[in-house]
Every structure is written in structure tokens, then in C-alpha cells.
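Trainee: One structure coming up, written as C-alpha cells, with questions to follow.
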Amino acid sequence: MSSSTLDGDQRTPYKRCQATTKGNGAATSLLYLAKGAEHQSLEWLNGVVTSILLDGKITNGQLAMLRSRPPAGHGAPVHLHENEDEMFLMLAGEAVFWFGDERHELGEGGVIFLSRNVPHAFRVLSENADMLAICTPSGFEGFVRATGHDLALPKAEGWRALDMVSAVAADYGQRILGPPRTN
């Protein structure tokens, strides 16, 4: 068993510690730590920055966690996930979510669970929002990486996330069904 501390000016991007093991050596629990500035941040749809906090490599495929701070009016296209359930926690701001034919408004502290294979979308109602998304199992973060621009790298001339989404959506079990909803 190993331990780690992330404090002060320590520059370790993360510590992964195997806490316990089964008789076959497989980990039964892992500890993962990362400071805020160490998460991969990508420019994604309409210029919204999305940070990947946890991915399948870290969680052994169990889940992915992403954080976005979209501005007023930003909306996700109507889509569905064939492989993942998706949950959102509104850390700040307000948004409307559509799940099938249902419409639900969510404010700070609100949570919504969106099961796979059901069309859904959202639109930010407040001036800004801070949203945490959890997808289980992992996999959606691969779609974000394939269609986003890693802010740690130079951007290719003419790059646009929207141009990439349709081209690779099916590769990641995503189906884009229509534009963002407005009503």
C-alpha cells in the first residue's frame, strides 16, 4: 500500500495508489488525486471549455467525470448515448433539461439522471453555469477528446468541434438526433 499528499507547490500531476489487492494481485480499490489545474481541458462545442476530471483509464472503466462552464443560451444537441447513463449536478446556474418528451428545470445543487438510449438535451438559462457530468460506464470522455481541442496544444487552423461531432459520434456510441432545443 502506498500513500501520497498533494499540497502546496508540489508539481505531481496525480498520484495513483493501489490501496488493497486480491489474492491474484488485482486492485480492489485505487486512490487517485489531481489538482484542478492538472485536469485535461478541451475546447468543445461552441467554444465551451470542458475538463475531464476522471476517465476510464483512472476508474478502470467504471465512470467518467467532466466539468463544463457554459454561458447563457448554450445548449447540447438532442442526442442519446447508446452505452452510458449520464448524470448532471448543477454546481452553479440554471439549465433546462429535456429527457424524451419531458422538460425539467434545474438550479444550483440540482441533480438529474439521464438513462442511456433515451434522447435528451439541455440549454443553459442563467448568465453562466457550472456543471458536473458523470457518465457510467466510462467512454463518453473519448468522444469529447476526439471532437475537442486540447488547450495544452496548438489549435489546427480552421478547427471546429461541430465539424468533428457528426464524423465520429457513432464510433463512441453517440447519436446526434437534432439541433439544440429552444423551447
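Read-outs: derived from the displayed coordinates by stated rules, not from any lab. Model, not experiment: these values are computed from the prediction. As a convention, Cβ positions derive from the backbone with ideal geometry for all residues, glycine included, and neighbour counts pool all protein chains shown.
Trainee: Let me know the shape class of segment 39-180, please: from the alpha-carbon gyration tensor, a ≥ b ≥ c as square roots of the eigenvalues, rounded when a/c is under 1.5, otherwise prolate if a/b is greater than b/c, or oblate.
Mentor: rounded
Trainee: Please list the radius of gyration and Dmax for segment 119-183, considering alpha-carbon atoms only, with Å as the unit.
Mentor: Using the Cα atoms of segment 119-183, the pair Rg, Dmax is 13.7, 37 Å.
Trainee: Right, something else. Arranged by the count of other C-beta atoms within 10 angstrom, fewest first, what order do TYR32, TYR172 take?
Mentor: TYR32, TYR172
Trainee: Sorting GLU86, GLU94, GLU108 on the 10 Å Cβ count, fewest up front, what's the list?
Mentor: GLU108, GLU94, GLU86
Trainee: Return the whole-Å distance between the Cα centroid of segment 120-183 and the Cα centroid of segment 33-91.
Mentor: 8 Å
Trainee: Kirkwood Rh, segment 31-87, all Cα pairs: how many Å?
Mentor: That comes to 13.0 Å for segment 31-87.
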